[in-house]
Amino acid sequence: MAKNLIIVESPAKARTISKFLGNEYTVTASMGHVRDLPSSKLGFDPKNGFSPEYEISKNKKKTVADLKKQIDKNTVVFLATDEDREGEAISWHLLQALGLEKRPVKRIVFHEITKPAILRALENPREVDQNLVDAQQARRILDRAVGYELSPLLWKKIKPGLSAGRVQSVSVHILVEREREIRKFVPVEYWKIKADFAEFSAELKKLNGKTAKVVNESEALRIEASVKQGDFVVTEVDERMTNRNPAAPFTTSTIQQEASVKLGYSVKRTMVVAQQLYEGNFEIPDYSGGLITYMRTDSVALAELALTQAQEVISSEYGVKFGLKEPRLFKNRTANAQEAHEAIRPVDLSLKPSAVKDHLSSDQFRLYSMVWKRTLASQMASAEIARTTLKIEAGVKKECQFVAKGQRVVFPGFLQAYTEALEGQNPMVAEKDVILPKVEKDQQLPLKKLNLEQLFTKPPPRYTEASLVKKMESEGIGRPSTYAPTISTIQDRGYVEATPEKQLKPTSIGEVVTDFLTDHFAEIVNLGFTAKIERNFDRIANGEEKWVEMLGNFYQPFHQRVVEKDESVTRAEVLKRRELGTDPESGKPVSVSIGRYGPMVQIGTRDDEEKPRFASLPSNLNLNEVTFEEAMECFALPRTLGNYENGEEIIVNNGRFGPYVKLGKNFFSLPTGDDPLKTELAQAVEIIREGLEKKAKSTILDFGDILVLDGRYGPYIRSAKKNYKIPKGVDPVSLDEAACLKIIAEAPPPKGFKGRKNKTAKKQTA
């Protein structure tokens, strides 16, 4: 039995913390949550104060049993889960699952995994914060209510396998609204007029004292004729010094945005790497602990120790003049930011990225470098920038004003270390100085060339992961811990797909689901309502609101509406079949809608004597955009492209899971965005070759109908489209066909299988 047992969430964190403590402490991991609402039912009682029915998760029963074995009446238990609401709830669930409710259990928190931080936490334990637990419970139960009651409705009215969620649905709604803005956008012509002089260029900015709006070629030519008849005269030379301040240290939101723009990381990838850096998931000689502080935070504050250390590093690395006499403090822009937390920063600023580079993965090094530089820059002197603006008068009536702007960095300050590059911004760095020549007021400038350029306005851009996170944060949608899983979920559900440019584009299914929710459950996709719910959770966490009352105000009206919509709304109303035209051969209508397996094209109706013809709509075609011609092309599938080198036919088609190439019994997915109608033989052959090579590498043994494969989670047996686990201790290479058949025969029935019960004969008595 352990004398002092510390329970954390992950094994990596447990290993790291163990290095700081002596033999009197045992550190182990709960592997996240050990209890949850049951998956098979609603899981709470709305008629009894929303009383939850928590149960130990099936995959955590062994974990809980192992933890119990380490605890006796003399064991002091320290709950050291993460310091956010989710972590607080995990600690509370551990209390319940381990039967520790009536025992003095110590709750400890820390925002960095270093020896001093762990020792301080052990010296300053507290009790589990019930307000934080209640806030998490309210979120979990409300999200369960939305998902559990709305998802079956989506299955009935649209197609099986769909889901709805309080945060995921509003996120998809944001993307759908943007897509429709783009779809409705009508480009407007405009002209840019630029005057080239000997050493610089100036652009037309004003016409007759107003902002210049040149909307067609004839107007551009009139301006050209006018300026060529007059002189270009400098009317104003404005030179001034300006200061530029650095960005705040990273929060969860800003590190996700910045890593996306600067490093090309997905939001999920950023959080995985940040978790590794926080937990110390690496080996550095003579160093123990994590490299950064807790990565789920919305605070921009830095600890006093970090502020002091920053000035020491800045002085040694860049010089005293790059430092500050007083620390620079930043104000949180996020409503209800958790001020008790810190920003994401290195735990030790003296540990330069170059010193640890050889001991980190490429991803870890690049992210740590970014955190280190951003933190240091936040406490460095402002950059001093000289800006020059020239205003130049031209035209017969002096009606045109051209403007030229230049800048140079006089003192780089924080730019010496780091410049932010958040999406949509154009950071100024020293290498991009634009130096204008010395000119005087009233000086005439000889024109070298006048450039007239026809342009068209562009639609708003699609969201990327980075800009969606920024939007969610600004609107108060979700919390730092939910950004990454939300973006992953909406892509996994097929509501959104990433374009080759890494933009998020809603699918046909995403639009249909959004329309259904907007028409019948408007508050679920309403930004203001969702943000209000988040503020309610914050109020519960602060002890300002009771979670049961908050849930009561939401659930009863919501539940009643679900019942009403289930009865009153038909599937045909929801799907809104779109007719495109008439099939020239049959004279029957051609339409598109959502079928059982997704978007489809249909020729004919169910009322016809002959059955309608169906074809899957490729993922690159949207229900609301597809043309008649494009829809009819779908009936050209499947296509036979030719023969493979073994003589078998190569067929390309569109299936339930997207477009694919087929060779015999083998199926190979086409790359994302590829059109099966345009796939050529050479491309298909290459896809097949790569697929067969990959398959060969994963095949350990081949007995025809029985395969022994090396999968993601280790070796297994594949037979008749079913997978069978190889028993522990059995070398897969040693298996023969008979041994495989025995494993298959002795395999337990799949979960949920109910065999037929044999009737027991009644015992006869004499």
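Within the range 136-145, can you find the residues that are surrounded by 23 or more Cβ atoms within 10 Å (Cβ to Cβ) and either more than 14 Å from residue 537 (Cβ to Cβ) or charged (D, E, K, R) (or both)? Of everything in the range 136-145, just one residue is surrounded by 23 or more Cβ atoms within 10 Å (Cβ to Cβ) and either more than 14 Å from residue 537 (Cβ to Cβ) or charged (D, E, K, R) (or both), namely 139. Candidates are the residues of the range 454-470 that are surrounded by 16 or more Cβ atoms within 10 Å (Cβ to Cβ) and out of contact with any strand residue (DSSP E or B) (no Cβ under 8 Å at 6 or more places or on another chain); the one that is nearest to residue 143 (Cα to Cα) is 469. Pairs are defined by a Cβ separation below 6 Å, a sequence spacing of at least 6 or placement on different chains, a first member in the range 1-24 that is under 15 Å from residue 91 (Cβ atoms) and of a type in the set (Val, Ile, Thr), and a second member that is surrounded by fewer than 14 Cβ atoms within 10 Å (Cβ to Cβ) and at pLDDT below 90; no pair meets this definition. For the residues 88, 53, 83, the requirement of being out of contact with any helix residue (DSSP H, G or I) (no Cβ under 9 Å at 6 or more places or on another chain) and touching a residue at least 40 places away in the same chain (Cβ under 8 Å) singles out 83.
If I filter the range 56-73 for residues that are modelled with pLDDT under 95, over 27 Å from residue 523 (Cα atoms), in a strand (DSSP E or B) and not assigned by TED's automatic domain parsing to the domain that holds residue 482, do I get at least one hit? Looking for residues that are modelled with pLDDT under 95, over 27 Å from residue 523 (Cα atoms), in a strand (DSSP E or B) and not assigned by TED's automatic domain parsing to the domain that holds residue 482, one finds at least one in the range 56-73, hence yes. Cβ separations smaller than 8 Å between residues 6+ apart or across chains give no pair from the range 115-140 residues that are on the phi > 0 side of the Ramachandran plot to residues that are surrounded by fewer than 22 Cβ atoms within 10 Å (Cβ to Cβ). Please specify each residue of the range 158-191 satisfying the condition of being assigned to a helix (DSSP H, G or I) and either among the charged types (D, E, K, R) or in contact with a strand residue (DSSP E or B) (Cβ under 6 Å, 6 or more places away or on another chain) (or both). Hits for the range 158-191 are 166, 175, 176, 177, 178, 179, 180, 181, 183, 184.
For the range 221-243, the set of residues classified as in a strand (DSSP E or B) and either closer than 26 Å to residue 194 by Cα or polar (S, T, N, Q) (or both) consists of 232, 233, 234, 235, 236, 237, 238, 239, 240, 242, 243, listed by residue number.
This table checks each residue for (1) hydrophobic (A, V, I, L, M, F, W, C); (2) crowded, with 22+ Cβ neighbours inside 10 Å; (3) assigned to a loop (DSSP other than H, G, I, E, B).
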site: 472; (1), (2), (3): yes, yes, no
site: 480; (1), (2), (3): no, yes, yes
site: 490; (1), (2), (3): yes, yes, no
site: 497; (1), (2), (3): no, no, no
site: 505; (1), (2), (3): no, no, no
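Any residue in the range 518-536 that is within 16 Å of residue 551 (Cβ to Cβ) sitting within a Cβ distance under 8 Å of a residue that is assigned to a helix (DSSP H, G or I) and small (Gly, Ala, Ser)? List the pairs, counting only those 6 or more apart or interchain. That search, which allows pairs on different chains as well, returns 524/169; 536/138.
The values are calculated or read from the model by the stated rules, or taken from the named source; none is laboratory data. Everything numeric in this text was worked out from a predicted model, so none of it was measured. Every residue, glycine as well, gets a Cβ built from its backbone with ideal geometry; the counts of neighbours run over all protein chains shown.
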